[in-house]
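For reference, the structure discussed in these notes is given below.
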2 protein chains.
Amino acid sequence: MYSNQLLNKLVISIFNKIGCSNEDSEIISKILLAAELRGINSHGVLRVKDYVSLWEKGRINTNPNVRIVHESPSTAVVDGDKGFGMIAATKAMQIAIEKAKKNGTGWVSVNNSNHFGIAGFYSMMALEHDMIGIAMTNANPLVSPTFSVERLLGTNPISVAVPAGKENPFVADFSTTPIARGKLAVMDKKGEEAPQGYVQDKEGKSSTDPNILSDGGAILPLGGDRIHGSHKGYCLGAIVDIFSALLSGANFGPFVPPQVSFLPLKENLPGKGLGHFFGAMRIDAFQTTEDFKRNMDLWIDTFKKAKPVAGQERVYIPGEPEREMEEKHKKEGIVILDKVLDDLKDVCDDIGVEFTL
Amino acid sequence: MYSNQLLNKLVISIFNKIGCSNEDSEIISKILLAAELRGINSHGVLRVKDYVSLWEKGRINTNPNVRIVHESPSTAVVDGDKGFGMIAATKAMQIAIEKAKKNGTGWVSVNNSNHFGIAGFYSMMALEHDMIGIAMTNANPLVSPTFSVERLLGTNPISVAVPAGKENPFVADFSTTPIARGKLAVMDKKGEEAPQGYVQDKEGKSSTDPNILSDGGAILPLGGDRIHGSHKGYCLGAIVDIFSALLSGANFGPFVPPQVSFLPLKENLPGKGLGHFFGAMRIDAFQTTEDFKRNMDLWIDTFKKAKPVAGQERVYIPGEPEREMEEKHKKEGIVILDKVLDDLKDVCDDIGVEFTL
């Protein structure tokens, strides 16, 4: 168990050392630790090594000039200037919130960015303003659309956060695939088979090998196969790609750059970096906040109290499991795997930061 | 085979006869026939009988005063005044488009409405304005969230239409479940079993009985079960419900009124009618339309040319199968099942409209 505070200090030192400002280092660390606290450790400090190594290859600008390059009263396009995704994403979501304050809603598409951590961090930024927050991002291609052998989409997550009254907010945050890549890696390490409907092999045949991505295989869209609605998962992944990259001028589909340094950048890309999309909708641009929150409380209460199926304790509200995990981790500390700790130590040795936890 | 024109004339006469204005009757018929042409006959003239019978029970206002009840520069709430859903939905989408012209985007949530036909009709209204169109609606509860025995959500469809350049537009239009109710009815008639992952029985156990809904069963969210990501399908259905009904003040979750007259209306409902949500985003509020369309053409071309899996001819772009169907039906005419024709004849006899096709 490691304390949130000490981990935060260490991660800030690392990003500071490679040239990020204090403010930017704090933002990056906060978002990585939000993932750890919420139990999504595939998007936590595990990523530090990859991030630093992208910087070493010259693929990250640690001093980006994140700026609006085009706008209308309710929209903007933001150029992330090749910085870490968290910097562009935080600023873009702030812009969406400001536009929503003035004009009811704000919608910001971001180009020239990189991996931004958990989508839920940004959607939740809207909650304190009594707004619905929306965040999505495209990602490097690992997913084959229905009937395709080729990998053309990322796991392209969507997050939507909705404020409530007495109840905790509703926070959906999910990839548009049955499973994220990180969980396949865990199955592989444990020697487990992947369930049917997760992956296909390099010829597009159904597979249960969790390591099949390393042999030309692909993750399937949410739904798994055509009979179970994979064309709907494909639509969702495509919509995230279009909103994040076609509206912003980022790379899309198979052109999205990899977020690990051992995979080379393709040449002659059609866009800049990877793309995100953010939205903020002010509740009182539709309903009185009071009415909305009262109804949202009733919605949550109704779903919470639904009779569960045999063998399950209850029906969960989106965001509930992550919030419970967060409370636990804040009290008890964060579990970091030995392998991840070793990687963090290596990074510290490499760039000359003292490793203390 | 029946001609689109003659069917249109008949359907207009029916809605005219029950009190809809010429203009409204034309809108309703156009949207029902758009469904027939696109091959989505579960949302076509099959519905006329249910619609008329809801009107006979006094649950439809055929002369609604559809109006904005609240607005901001980029948002509005529209009261559908208990009319047919198509009337409120068409007007709401027009409002979204007008707001997008002025402020970049427009977002309209609708209360006090009814079944609106196919979501794709409304999202596609944005295309001729060089905008992305979005349409969604909640629906009467047939779907159990992950781990719930109770039916708390509708099949809550989402449609997103995106303009392209030389290529045809991208049009996604899908329910947030593996299958729509209509397809279960077809399986039942044919004596087929439903695939695993479509439905559960009244105790929440997996079932393959396509008629299980009539015995307290439920449709499952997209993903099917927890292992295959049904919690993501549940999130999607919930987001549609919140945008359509909590933002507008319509009924939500298990309170959404049934769209068939043989099921009674519940008392003490928390909202008004059912709800929809529409969005329009002007492309040039983000990118030049020219750049966007060129990239969208490249996106479509890249996905179209992807190598298909064995046994499949090609990878489809969302909207492609429906458009091909539309071209075919426009040439060859529309197939109407005998049962549906008989129902139409009954309706005509009942209200005193001459049946000619």
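Applying 1/(1 + (r/R0)^6) with R0 = 30 Å to the Cβ-Cβ distance of B:THR288 and A:LYS266, what FRET efficiency is obtained, to the nearest 0.05?
0.80
If N is the number of residues in the range A:1-124, what value comes out of its Cα radius of gyration divided by 2.2 N^0.38 Å?
Ratio of Cα Rg to 2.2 N^0.38 Å: 1.08.
For a quick size check, give me the Cα extents of the range A:144-248 along its three principal axes, largest first, whole Å.
Answer, in whole Å and largest first: 48, 34, 27 Å.
Please figure out what share of the DSSP beta bridges in chain A is antiparallel and state it in percent, rounded to the nearest 5. Could you put the intermediate results ahead of the total?
On the way: 34 of 40 bridges.
In chain A, DSSP labels about 85 percent of beta bridges as antiparallel.
By a straight-distance test (C-alpha under 16 Å), which aspartates and glutamates pair with A:LYS101 as possible cross-link partners, with residues fewer than eight away in the same chain excluded?
Answer for A:LYS101, where 16 Å is the Cα cut-off: A:GLU71, A:GLU128, A:ASP130, A:ASP284, B:GLU71, listed by chain and number.
So if we plug the beta-carbon distance of A:ASP346 and B:GLU313 into 1/(1 + (r/R0)^6) with R0 = 41 Å, what FRET efficiency do we get, rounded to 0.05?
The calculated FRET efficiency here is 0.25.
Just want to confirm a number: the relative contact order over chain B, from Cα pairs under 8 angstrom separated by 6+ residues, in percent.
RCO, chain B: 21 percent.
Using a cut-off of 20 Å between alpha-carbon atoms, which aspartates and glutamates can reach A:LYS328, once sequence neighbours fewer than 8 places away in the same chain are excluded?
Hits, sequence-local ones excluded: A:GLU36, A:GLU167, A:ASP173, A:GLU313, A:GLU320.
Using DSSP to call loops (not H, G, I, E or B), can you name the chymotrypsin sites (Phe, Trp or Tyr not before Pro) in the range B:218-274 whose Cβ has at most 14 other Cβ atoms within 10 angstrom?
Those that pass, being in a loop and sparsely packed, are B:PHE262.
Which residues does the label zone of A:ASN65 cover in the range A:1-30, counting backbone N under 11 Å from a point 7 Å along Cα→Cβ?
Hits in the range A:1-30 for A:ASN65 at 11 Å: none.
Over chain A, with a Gaussian network built from C-alpha contacts below 10 Å, which listed residue (A:LYS307, A:LYS331, A:LYS99) shows the highest mean-square fluctuation?
A:LYS307
Less than 12 Å apart at the alpha-carbon level, and either on another chain or at least 8 residues along: which aspartates and glutamates does that give for A:LYS266?
The reachable aspartates and glutamates, counting only those whose Cα sits under 12 Å from A:LYS266, number zero.
For the range B:180-219, what's the relative contact order in percent, using C-alpha pairs closer than 8 Å and at least 6 residues apart?
Details: 62 pairs, mean separation 14.5, N = 40.
Here the relative contact order equals 36 percent.
Sticking to Cα atoms, compute the Rg of the range B:1-70 to one decimal and its Dmax as the biggest Cα-Cα distance, whole number, in Å.
So, for the range B:1-70, Rg and Dmax equal 12.8, 46 Å respectively.
Count neighbours as other Cβ atoms within 10 Å of each site's Cβ, and list the trypsin sites (Lys or Arg not before Pro) in the range B:36-88 that are DSSP loop with at most 13 such neighbours.
Sparse-neighbourhood loop trypsin sites (Lys or Arg not before Pro): B:LYS57.
Inside 10 Å of the C-beta atoms of A:142-154, what's the mean count of C-beta atoms belonging to other chains?
If you average over the peptide's residues, the count of other-chain Cβ atoms is 4.
How many angstrom separate the Cα center of the range A:67-136 from the Cα center of the range B:100-135?
That distance is 23 Å.
For the range A:130-142, what does the Karplus curve 6.51 cos²θ - 1.76 cosθ + 1.60, with θ = phi - 60°, yield as ³J(HN,Hα) per residue in whole Hz, taken in order and with x for Gly and Pro?
Each residue's phi maps through the Karplus curve to give 6, 10, 7, x, 10, 9, 8, 8, 8, 7, 4, x, 10 Hz.
May I ask you to evaluate 6.51 cos²θ - 1.76 cosθ + 1.60, the Karplus curve with θ = phi - 60°, for each residue of the range B:286-292 and list the ³J(HN,Hα) values in order in whole Hz, giving x for glycine and proline?
So the J values, rounded to whole Hz, are 10, 10, 5, 4, 4, 4, 4.
Can you compute the FRET efficiency between B:GLU26 and A:LYS166 using 1/(1 + (r/R0)^6), with r the Cβ-Cβ distance and R0 = 56 Å? Round to the nearest 0.05. Mind dumping the intermediate values first?
Values: r = 47 Å, r/R0 = 0.84.
Once the sixth-power term is evaluated, E becomes 0.75.
From the C-alpha gyration tensor of chain A, pull out the three semi-axes of the equivalent ellipsoid (sqrt of 5λ each), sorted largest to smallest, in whole Å.
28, 26, 24
Looking at this model, which pairs from A:LYS305/B:LYS183; B:LYS183/B:LYS304; A:LYS183/A:LYS307; A:LYS99/B:LYS99; B:LYS91/B:LYS272 are more than 21 angstrom apart at the alpha-carbon?
Violating the 21 Å Cα-Cα cut-off are A:LYS305/B:LYS183; B:LYS183/B:LYS304; A:LYS183/A:LYS307.
Using alpha carbons only, how many angstrom separate the centre of the range B:239-289 from the centre of the range A:284-301?
A separation of 14 Å, based on Cα centres.
Roughly how far apart, in whole Å, are the Cα centres of the range A:166-212 and the range B:1-31?
So the two Cα centres are separated by 48 Å.
Just to be sure I understand: with springs between alpha-carbon atoms less than 10 Å apart, which residue in A:ALA245, A:ALA280, A:ALA306 has the highest mean-square fluctuation in the Gaussian network model of chain A?
Of the options given, A:ALA306 has the highest mean-square fluctuation.
Name the GluC sites (Glu not before Pro) in the range B:187-279 that are in a loop by DSSP and that have at most 10 other C-beta atoms within 10 Å, would you?
Those that pass, being in a loop and sparsely packed, are B:GLU267.
Read the figures in this text as sums done on the coordinates, not as results from a lab. These numbers come from a predicted model, not from an experiment. Note that each Cβ is placed from the backbone with ideal geometry, even for glycine, and that neighbours are counted across all protein chains shown.
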